[in-house]
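Colleague: For reference, the structure I am asking about is given below.
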Amino acid sequence: MQFTDRINRIQISPTAAVLAEAEKLKAKGVDVADFGPGEPDFPTPDHIKNAAMRAIESNKSKYTPAGGILPLREAICAWHKRELHSSFEAKECVVSVGGKHSIFNVISVLIQHGDHVIIPVPCWVSFPDIVKYAGGTPVFVQTHPEDAFTVRASAIEKAITPKTKLLIVNSPCNPTGGVVPPEEYERILAVCKKHNVWLMGDECYSHFTYAPNKPYSVASAHGAKEKVIIIGSMSKTFAMTGWRIGYTLGPEALIQALVKLQSQSTSNPTSIAQYAALEAMTGTMDTVPVMLAEYAKRRKRIVEGLRAISGVTCEWPGGAFYAFPNISEHLRNGGGKQALAKSDTEIAKMLLDRAHVAVVPGEAFGAPGYLRLSYATSIERIEEGLGRLERFFARAEAAA
Ligand SMILES: Cc1ncc(COP(=O)(O)O)c(C=O)c1O
């Protein structure tokens, strides 16, 4: 079959590909230590589930406005103001089918052929492909482990050209856990304003930051609203990945364009999920610190465990729930002394086949030589997985 150029420009999400391989093994009864999924292992909190059940019982099952129900848009703005000190109003908010859909739509309405979009790397797998699908060109700016993978305003400014239309900053970052300190974020905003570049802040992990980092939104900075577009999601903060609710906050004209696009594509996000999200935005947030405390324990265990493996280095992630070890010592291409394979993709495959450990290769995130391990899994599974990793790399070392 013949497909359009735009669909041929993108590839299936590599994280989805890893998940599928791990699932195949599990279906055969293999006990996989699964560090693949980028989603909380906690259930959606009861009060949110109950709100959804009430919505079903009271027949909240009709079409809603394409951009989401007004009470939810108001509640998102109030929540964002309370938690992250912004000042958006309902007309500056649109609800979408998850944060990924929000990002896809924003890029669809802002980016066209010839436009450049700056993306700090390592980056979430979907950013470059969404830009390519829209016809734009991703321009990568490297972040570095020795700088805790922080995005720097000076590096951004060097990458800006007259073609640059948008910068995407994802803090805390998937996959590195890198957090942009508020002062640096404000410098980045100043650079964007100076060069008339839109700044998209992906805040999907905003509430999973480890001390001394704190939840922060660049929308709280003075004069930010002129140039800032915020992407948020219920998925991670409220363990609601399957409900598919995300949102965009930004200038009213942009929001109207996004509503127009939704009105001719998805229509509204599921009505029941919107009522669940309304409860998430207005109800207790007790479960968030509980999850964060658990992630903090797991982070400590996994980073220490990875660092104990010969030829592996690993920074402390400042946020999110991913460890991002460098394994280039084990790669021939990385000039490694303990070379085991050509690439991290090959290592990831060997780990799945031989050690039954599922990880995502760094190449998927524009970071050859790395692996991403999600620690949104129990301490017991982390212990089991670390044991298998240690044995895998030790055998490799012995064979080298
Ligand atoms: C950095 C980042 N942004 C956005 C998303 C989208 O999440 P969702 O579409 O579930 O809201 C994800 C999900 O993994 C992510 O890691």
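The values are calculated or read from the model by the stated rules, or taken from the named source; none is laboratory data. Note that the structure is a prediction, hence the values are computed from the model and not measured. Because the Cβ atoms are built from the backbone with ideal geometry, glycine has one as well, and the counts that use them run over all protein chains shown. With ligands, DNA and RNA removed, areas are computed over all heavy atoms of the protein, side chains included. Shrake-Rupley method; radii C 1.70, N 1.55, O 1.52, S 1.80 Å.
Colleague: Provide a single number: the residues in the stretch 172-203 that are under 17 Å from the mean Cα position of the chain (by Cα) and either at positive phi or free of Cβ contacts under 8 Å to residues at least 40 places away in the same chain (or both).
Modeller: Adding up the residues that qualify gives 4.
Colleague: Cβ contacts < 6 Å: first residue within 16 Å of the ligand (Cβ to nearest atom), restricted to the stretch 88-103; second residue part of a loop (DSSP other than H, G, I, E, B), any location; separation 6+ or different chain. Result?
Modeller: Sorted first by the residue in the stretch 88-103, then by its partner, the pairs are Val94/Gly67; Val95/Gly68; Val95/Pro269; Val97/Arg244; Val97/Thr266; Val97/Pro269; Gly98/Arg244; Gly99/Cys204.
Colleague: For Val30, only one of the following conditions fails: (1) outside any loop (DSSP other than H, G, I, E, B); (2) open to solvent by 30 Å² or more (accessible area, probe 1.4 Å). What is its number?
Modeller: That leaves (1) as the condition not met.
Colleague: Could you tell me whether Gln256 is more than 21 Å from the chain's Cα centre (by Cα) and without any contact (Cβ under 8 Å) to a residue 12 or more places away in the chain?
Modeller: yes
Colleague: When you scan the stretch 1-34, how many residues do you find that are among the charged types (D, E, K, R) and farther than 30 Å from Glu380 by Cα?
Modeller: 3
Colleague: Given the conditions (1) more than 16 Å from the ligand (Cβ to nearest atom); (2) part of a loop (DSSP other than H, G, I, E, B); (3) crowded, with 24+ Cβ neighbours inside 10 Å, and given that Lys214 satisfies all but one, which numbered condition is not satisfied?
Modeller: (3)
Colleague: Same structure again: What is the one condition in (1) away from the ligand (no atom under 13 Å from the Cβ); (2) in contact with a helix residue (DSSP H, G or I) (Cβ under 7 Å, 6 or more places away or on another chain); (3) of a type in the set (Lys, Arg) that Arg244 does not satisfy?
Modeller: (1)
Colleague: Any residue in the stretch 204-216 that is more than 17 Å from Arg299 (Cα to Cα) sitting within a Cβ distance under 6 Å of a residue that is more than 16 Å from the ligand (Cβ to nearest atom) and open to solvent by 10 Å² or more (accessible area, probe 1.4 Å)? List the pairs, counting only those 6 or more apart or interchain.
Modeller: Tyr216/Pro182
Colleague: Is the stretch 38-56 home to any residue that is more than 29 Å from Val290 (Cα to Cα) and away from the ligand (no atom under 16 Å from the Cβ)?
Modeller: Scanning the stretch 38-56, I find no residue that is more than 29 Å from Val290 (Cα to Cα) and away from the ligand (no atom under 16 Å from the Cβ), so the answer is no.
Colleague: Could you please tell me which pairs satisfy a Cβ distance under 8 Å, a separation of 6+ or placement on different chains, a first residue in the stretch 260-285 that is outside the structural domain of Met234 (by TED's automatic domain parsing), and a second residue that is among the acidic types (Asp, Glu) and part of a helix (DSSP H, G or I)?
Modeller: Short answer, once both residue conditions are applied: none.
Colleague: What residue, of Glu226, Glu186, is among the acidic types (Asp, Glu), touching a Lys or Arg at 6+ places or on another chain (Cβ under 8 Å) and open to solvent by 10 Å² or more (accessible area, probe 1.4 Å)?
Modeller: On inspection, the qualifying residue turns out to be Glu226.
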